[in-house]
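The structure appears below as structure tokens.
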Amino acid sequence: DKAEWAKLKSEPSVSKNGQHFEIAANIGTPDDVQGALDAGAEGIGLMRSEFLYMDTDKLPSEDDQFEAYKTVVEKMAGKPVTIRTMDIGGDKHLPYLTLPEEMNPFLGYRAIRISLDQETIFRPQVRALLRASHYGQLRIMFPMIATLNEFRRAKAIVQDEMTNLKQEGIPFDEEIKMGIMVEIPASAVLADQFAKEVDFFSIGTNDLIQYTFAADRGNEQVSYLYQPYNPALLRLIKHTIDASHKEGKFTAMCGEMAGDQTAVPLLMGMGLDEFSMSSSSILKTRSLMKKLDTTQLQPLVDQALNDCDTCEEVEALVKKTVKVD
Ligand code: PEP
Ligand code: MG
């Protein structure tokens, strides 16, 4: 209820047995930060940087980007802020950037693929992020990483710009964390290898589901294949979380699934570290977490992953075991 939720705003997110899970917000622009704080966000788990590129008729300058990122980290006052580098392409186009006509845009030239190909776009963004990192706790996240070499190349460019900023005497966080979105099955399957090199994972279930079931996330005719509780997807998620923990790293989730009340008990049972969602879902999720005991959720996960064979079966199992309203 409302009174309980108001109290929860300033409380950390803990399970009934005292395990802490971070609940963060997904935001699109610096204007969304206040709403996230008002909703009790413990951090920003995903800032989509696309708005900077979409709302103008030319490429945003390094300084414009710096100001936007700095505003966000300053408003968050030391709380972690994960900013994702440009995720243009797919269905998002820019008037000033001619992208090729593609048969399969979601399998084509987008996100990190563009950034690595067009460094004149990527480097100013990297510099803006590094400069803003001096003003709070900023983490850099790369979207649509399919291979380790893509991550290595992106990281090398960040390190190269670190060297440049140092020479220019411009301050930045030298310990800045760099992570990847896990939204392509290849990176989930290879999570144990990735975990040795990245600082963190953030599972992007919107795309991970689309690519795992080979079903366009915007196509109504195949929407029955949007199956967040299918054991195939749950195993990819569990594998990713386990792999990160083995290397002492953390895993977040910033797809819609992180705020899905049926998925939350499963994700808690798997030990997901951070749940990032739209601000409007934060308090109801924190309230749910408080009612759940993780020692009872681990057997639930085992059953869902090993005994269930359909999305529907898992959903029924969770609803039977956990009182979710
Ligand atoms: C995702 O794919 O789950 C995600 C968070 O990224 P976007 O929705 O921006 O593609
Ligand atoms: Mg995505």
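For region 84-117, filtered to residues that are acidic (Asp, Glu) and more than 20 Å from the chain's Cα centre (by Cα), the residue that is modelled with the lowest pLDDT is GLU101. Of all residues in region 178-229, those being polar (S, T, N, Q) and within 14 Å of ligand 2 (Cβ to nearest atom) number 6. Screening region 21-64 for residues that are in contact with a Gly (Cβ under 9 Å, 6 or more places away or on another chain) and charged (D, E, K, R) and picking the one that is nearest to ALA77 (Cα to Cα) gives GLU22. Scanning region 177-199 for residues that are within 16 Å of ligand 1 (Cβ to nearest atom) and surrounded by fewer than 19 Cβ atoms within 10 Å (Cβ to Cβ), which turns out nearest to the chain's Cα centre (by Cα)? Among residues in region 177-199 that are within 16 Å of ligand 1 (Cβ to nearest atom) and surrounded by fewer than 19 Cβ atoms within 10 Å (Cβ to Cβ), the one nearest to the chain's Cα centre (by Cα) is PRO185.
Kindly check whether there is at least one residue in region 171-188 that is more than 28 Å from LYS155 (Cα to Cα) and touching a helix residue (DSSP H, G or I) at 6+ places or on another chain (Cβ under 8 Å). Before you say what the answer is, go through the steps one by one.
Within region 171-188, the first condition is being more than 28 Å from LYS155 (Cα to Cα), and the residues that meet it are none.
No: zero hits.
Go through the residues of region 156-176 one by one and say whether even a single one is within 16 Å of ligand 1 (Cβ to nearest atom) and either free of Cβ contacts under 8 Å to residues at least 40 places away in the same chain or in a loop (DSSP other than H, G, I, E, B) (or both). Looking through region 156-176, none of the residues is within 16 Å of ligand 1 (Cβ to nearest atom) and either free of Cβ contacts under 8 Å to residues at least 40 places away in the same chain or in a loop (DSSP other than H, G, I, E, B) (or both).
Here the condition is being crowded, with 18+ Cβ neighbours inside 10 Å, among the polar types (S, T, N, Q), out of contact with any strand residue (DSSP E or B) (no Cβ under 6 Å at 6 or more places or on another chain) and within 28 Å of LEU190 (Cα to Cα); of GLN125, GLN118, GLN159, it holds for GLN125 alone.
Pick from region 125-152 the residues that are hydroxyl-bearing (Ser, Thr, Tyr) and in a helix (DSSP H, G or I): which of them is farthest from ASN164 (Cα to Cα)?
Residues of region 125-152 that are hydroxyl-bearing (Ser, Thr, Tyr), as a first pass: 133, 135, 147.
Applying the additional criterion that residues be in a helix (DSSP H, G or I) yields 133, 135.
On the way: SER133: 15, TYR135: 19 Å.
Looking at the filtered set, the residue picked out is TYR135.
Let's see how each residue does on (1) among the hydroxyl-bearing types (Ser, Thr, Tyr); (2) farther than 21 Å from GLY179 by Cβ:
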residue: ASP242; (1), (2): no, no
residue: PHE250; (1), (2): no, no
residue: CYS254; (1), (2): no, no
residue: ILE282; (1), (2): no, yes
residue: LEU288; (1), (2): no, yes
residue: THR294; (1), (2): yes, yes
residue: CYS308; (1), (2): no, yes
residue: VAL314; (1), (2): no, yes
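Within region 179-212, restricting attention to residues that are outside any helix (DSSP H, G or I), in contact with a Phe, Trp or Tyr (Cβ under 9 Å, 6 or more places away or on another chain) and charged (D, E, K, R), the residue that is farthest from CYS254 (Cα to Cα) is GLU197.
The values are calculated or read from the model by the stated rules, or taken from the named source; none is laboratory data. For clarity, every value in this text was computed on a predicted model and none was experimentally measured. Cβ atoms come from the backbone with ideal geometry, glycine included; neighbour counts cover every protein chain shown.
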